[in-house]
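The values are calculated or read from the model by the stated rules, or taken from the named source; none is laboratory data. All figures in this text were calculated on a predicted structure; none of them were measured in a lab. As a convention, Cβ positions derive from the backbone with ideal geometry for all residues, glycine included, and neighbour counts pool all protein chains shown.
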């Protein structure tokens, strides 16, 4: 890699450098950033150890990936979003689940050829708070952790805070009198101990870290993000343009396997939790993962109980209405990093450029059609978002 390419990568990363660890390639194998994948090689899968990754992992556990298409080796575990994204754009892995806002960022800051194939899941995240926090206003003067700047967690949290008279700030201490909340990026695995030792007033993240806090009795779930934005996409199934061009049949096989895994998980969530933990894909204990996949009615009123906001969903189709609303919301989101790429984006045009849904459409047709995955058989919907 040339010095120029390295500088461009670091400059374009913006929020990635801020997310912990350098977004250079020093700690990685020396793979060429812009080299095409081996046309005959099996695709490699990477993931973060959260329940959002379940479809990718169950597809491997259940043997749904054809050996000619996807490596039979266990998917590669990464501990932070920055590390996973770095491996993805440096072509050490070919398939991953990435935060949907991160996918937007990577495509339009690095020109990394990121393409969203479909949604890996819906819902599955929550705001977990310290025991002293009863109302959102109690977070004034506190630190709240997010997993990544360009995440649905940060996007939704900031709008939720503003709706309750709080102001999110970065790189400055929070003030109770000024009703500010300091946002800090933290790896999900570090959030639970930070909440336990009083460093944080709360954190917003994917499960099973919210379930773990409840089980350990060090915090409680205050708001499921699905109670704010109905059936939102947190993580998307992604690959790159070069993989689609060079291995379209393998990409279709991945989509088929992941869609099949989504149905399998939904049919027996307890069995999926056991496979995820006993098979050591996820390091968290089985009770936490089981709770995350099977939340009963929470011990507080839901704003929209008919939305089933506590339920991790598995709907693979990437709705254009969501992409547009997401990009619009990103424009109002405070981050510690480069935001200039948003100035040149037309929210109405991003979906067609970022998303390649032909593979997941075929997969859904092969697995019972759209009716098997939810109520919107015509594959259109209106976004339902309520922050107050």
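For region 151-177, a residue qualifies if it is loosely packed, with under 14 Cβ neighbours inside 10 Å, without any contact (Cβ under 8 Å) to a residue 60 or more places away in the chain and on the phi < 0 side of the Ramachandran plot, and the qualifying residues are 172, 173, 176, 177.
Take residue 329 and tell me if it is at pLDDT 95 or above, in a helix (DSSP H, G or I) and crowded, with 18+ Cβ neighbours inside 10 Å. Criteria met by residue 329.
Out of curiosity, is residue 208 surrounded by 15 or more Cβ atoms within 10 Å (Cβ to Cβ) and either in contact with a strand residue (DSSP E or B) (Cβ under 9 Å, 6 or more places away or on another chain) or free of Cβ contacts under 8 Å to residues at least 40 places away in the same chain (or both)? No; evaluated as a whole, the condition is false for this residue. The single condition among (1) in a loop (DSSP other than H, G, I, E, B); (2) surrounded by fewer than 21 Cβ atoms within 10 Å (Cβ to Cβ); (3) under 20 Å from the mean Cα position of the chain (by Cα) that residue 318 does not satisfy is (2).
Considering (1) within 20 Å of the chain's Cα centre (by Cα); (2) in a loop (DSSP other than H, G, I, E, B); (3) within 18 Å of residue 157 (Cα to Cα), the lone condition that residue 203 does not fulfil carries the number (2).
Check region 275-283 and report whether any residue there is surrounded by 14 or more Cβ atoms within 10 Å (Cβ to Cβ) and free of Cβ contacts under 8 Å to residues at least 40 places away in the same chain. Steps first, answer last, please.
Going residue by residue through region 275-283, those that are surrounded by 14 or more Cβ atoms within 10 Å (Cβ to Cβ) are 275-277, 281-282.
With the extra rule that they be free of Cβ contacts under 8 Å to residues at least 40 places away in the same chain, the set shrinks to 277.
Yes, region 275-283 contains a residue that is surrounded by 14 or more Cβ atoms within 10 Å (Cβ to Cβ) and free of Cβ contacts under 8 Å to residues at least 40 places away in the same chain.
When region 341-388 is filtered for residues that are in a helix (DSSP H, G or I) and under 20 Å from residue 325 (Cα atoms), the ones remaining, listed by number, are 341, 342, 343, 344, 347, 348, 349, 350, 351, 352, 353, 354. Within region 120-140, the set of residues being free of Cβ contacts under 8 Å to residues at least 60 places away in the same chain and over 22 Å from residue 216 (Cβ atoms) comprises 135, 137, 140.
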